[in-house]
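Each remark here refers to the structure printed beneath this line.
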Amino acid sequence: MTDNLLQIIRPDDFHLHVRDGKAMRSVILDTARQFGRAIIMPNLVPPVTSVQQAARYRHSILDALPDGTDFTPLMTLYLTDRTDPDEIVAAHESGFIHAVKLYPAGATTHSDAGVTDIKHIYPVLETLSKVGMPLLIHGEVTDPAVDVFDRERVFIETILSPLINQFPDLKIVMEHITTKEAVQFVVTAPENIAATLTVHHLLMNRNAIFTGGIRPHHYCLPVLKREEHRQALLEAAISGNPKFFLGTDSAPHPQHAKESACGCAGIYTAHTAMELYAEVFDQAHALDRLEGFTSLFGARFYGLPQNPGTLRLKRERWTIPESLPLGTERVIPFRAGDTCQWKVIP
Ligand code: DOR
Ligand code: ZN
């Protein structure tokens, strides 16, 4: 590694939305170019709730990759009020399902079929604990009376704290954390509690949603927070604490669905993910901590081996495209038209 060239163990994305059908075929290579593996989110329509659906989804992803592509999709199941603990056992035995996702019903995009009360899934959580499979949590309460900027903090206080006491052995990843309270919670929690950090929450605070007018391409869930929270996330990312690792939450939506009177939540970062994480660590003078965060800690938490290959990045200015194909439509990538400081090279 020099100041201008980075070579790291091939990274993994532990939180990714690739959709399905033509849209998936447009975006999957953006991830496969950079990452060895990715945890594939199950919030399709209809959601991926069974081992059989996950197997089909996995095959469609593998079919979309050119021969010889070094990329493994790590599949997940979507929990509902009716998930059967036997399905969790079958998922564990499948060998290709690596986690299950808890969406509180109504918390975010395609979460309507999610869990309405955590108590409904206690038998499922018991089974997850027993087999050692991680529970991935979208940690926001859905009560409309709770301010949208407080939903993560209130989730930690009212749902997550009691949950880890009830199921002390359960492996939990708090996905895409956005607050200093979440950082603090994860730091002080036992070993089996970890968190993913997106690149957009590391780069932006909530002002970015309103710079010169409303910016729908900066709207995601959990929503961006104050600068003091971004600072706490950044410190966690560069701390070298293995409880914090990379999960982009890259979530492509067609341009018209974002630029609308009721725009969808989700930011498409997959196209430039590693370049932007490198920029974050570089600006914080912490490039020596990048590899742990991107390529070691997540794999260790999931009980996966390190990827065999490497990824190289070069310090080079280039312009992020204004838009990219998404099936028959277009997606506006994060920082479209802006300059990027690092470039993935072959
Ligand atoms: O911003 C988001 N978009 N947050 C989520 O939790 C879901 C995601 C999506 O699927 O679009
Ligand atoms: Zn997500």
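The values are calculated or read from the model by the stated rules, or taken from the named source; none is laboratory data. Note that this is a predicted model, so its numbers are computed, not measured. Note that each Cβ is placed from the backbone with ideal geometry, even for glycine, and that neighbours are counted across all protein chains shown. Please note that ligands, DNA and RNA were not included when accessible areas were found on the heavy atoms of the full protein model with its side chains. Shrake-Rupley method; radii C 1.70, N 1.55, O 1.52, S 1.80 Å.
The set of residues in the range 161-183 being in a helix (DSSP H, G or I) and either among the basic types (K, R) or in contact with a strand residue (DSSP E or B) (Cβ under 9 Å, 6 or more places away or on another chain) (or both) consists of L163, I164, K180, A182, V183. Within the range 102-118, is there a residue that is part of a loop (DSSP other than H, G, I, E, B) and aromatic (F, W, Y)? So far as the range 102-118 goes, yes, one or more of its residues are part of a loop (DSSP other than H, G, I, E, B) and aromatic (F, W, Y).
Does A91 satisfy the condition of being more than 15 Å from ligand 2 (Cβ to nearest atom), small (G, A, S) and at pLDDT 95 or above?
Against the criterion (more than 15 Å from ligand 2 (Cβ to nearest atom), small (G, A, S) and at pLDDT 95 or above), A91 qualifies.
Considering only the range 313-346, state which residues are free of Cβ contacts under 8 Å to residues at least 40 places away in the same chain, open to solvent by 50 Å² or more (accessible area, probe 1.4 Å) and either closer than 19 Å to A265 by Cα or outside any strand (DSSP E or B) (or both). Result: E322, D338, P346.
Of all residue pairs spaced 6 or more apart or on separate chains, those with beta-carbon atoms under 7 Å, a first member in the range 2-28 that is of a type in the set (S, T, N, Q) and a second member that is within 14 Å of ligand 1 (Cβ to nearest atom) are S26/L326. Here A236 fulfils each of the conditions (1) away from ligand 1 (no atom under 13 Å from the Cβ); (2) out of contact with any helix residue (DSSP H, G or I) (no Cβ under 6 Å at 6 or more places or on another chain) apart from (2). Please specify each residue of the range 8-29 satisfying the condition of being touching a Leu at 6+ places or on another chain (Cβ under 6 Å) and part of a helix (DSSP H, G or I). Result: A23, S26. Filtered by the rule that a residue be more than 14 Å from ligand 1 (Cβ to nearest atom) and of a type in the set (G, A, S), the range 94-105 gives S94, G95, A99. Return the residues of the range 123-143 that are closer than 22 Å to N192 by Cα, surrounded by fewer than 16 Cβ atoms within 10 Å (Cβ to Cβ) and without any contact (Cβ under 8 Å) to a residue 40 or more places away in the chain; say none if nothing qualifies. Residues satisfying the conditions are P123, K130. On the stretch given as the range 35-52, residues that are farther than 18 Å from G247 by Cβ, open to solvent by less than 50 Å² (accessible area, probe 1.4 Å) and outside any loop (DSSP other than H, G, I, E, B) total 1. Against the conditions (1) away from ligand 2 (no atom under 16 Å from the Cβ); (2) closer than 15 Å to A99 by Cα; (3) open to solvent by less than 10 Å² (accessible area, probe 1.4 Å), R58 satisfies every one except (3).
Residue under question is L276, and the condition is that it be at negative phi, in contact with a helix residue (DSSP H, G or I) (Cβ under 7 Å, 6 or more places away or on another chain) and not aromatic (F, W, Y); does it hold?
yes
Taking the conditions (1) touching a residue at least 12 places away in the same chain (Cβ under 8 Å); (2) in a loop (DSSP other than H, G, I, E, B) in turn, V146 satisfies each one other than (1). Of all the residues in the range 106-137, those that are within 16 Å of ligand 1 (Cβ to nearest atom), touching a strand residue (DSSP E or B) at 6+ places or on another chain (Cβ under 8 Å) and either at pLDDT 95 or above or not hydroxyl-bearing (S, T, Y) (or both) number 6. Can you name every residue in the range 29-72 that is free of Cβ contacts under 8 Å to residues at least 40 places away in the same chain and within 16 Å of ligand 1 (Cβ to nearest atom)? Listed by number, the residues that qualify are A38, I40, V48, Y57.
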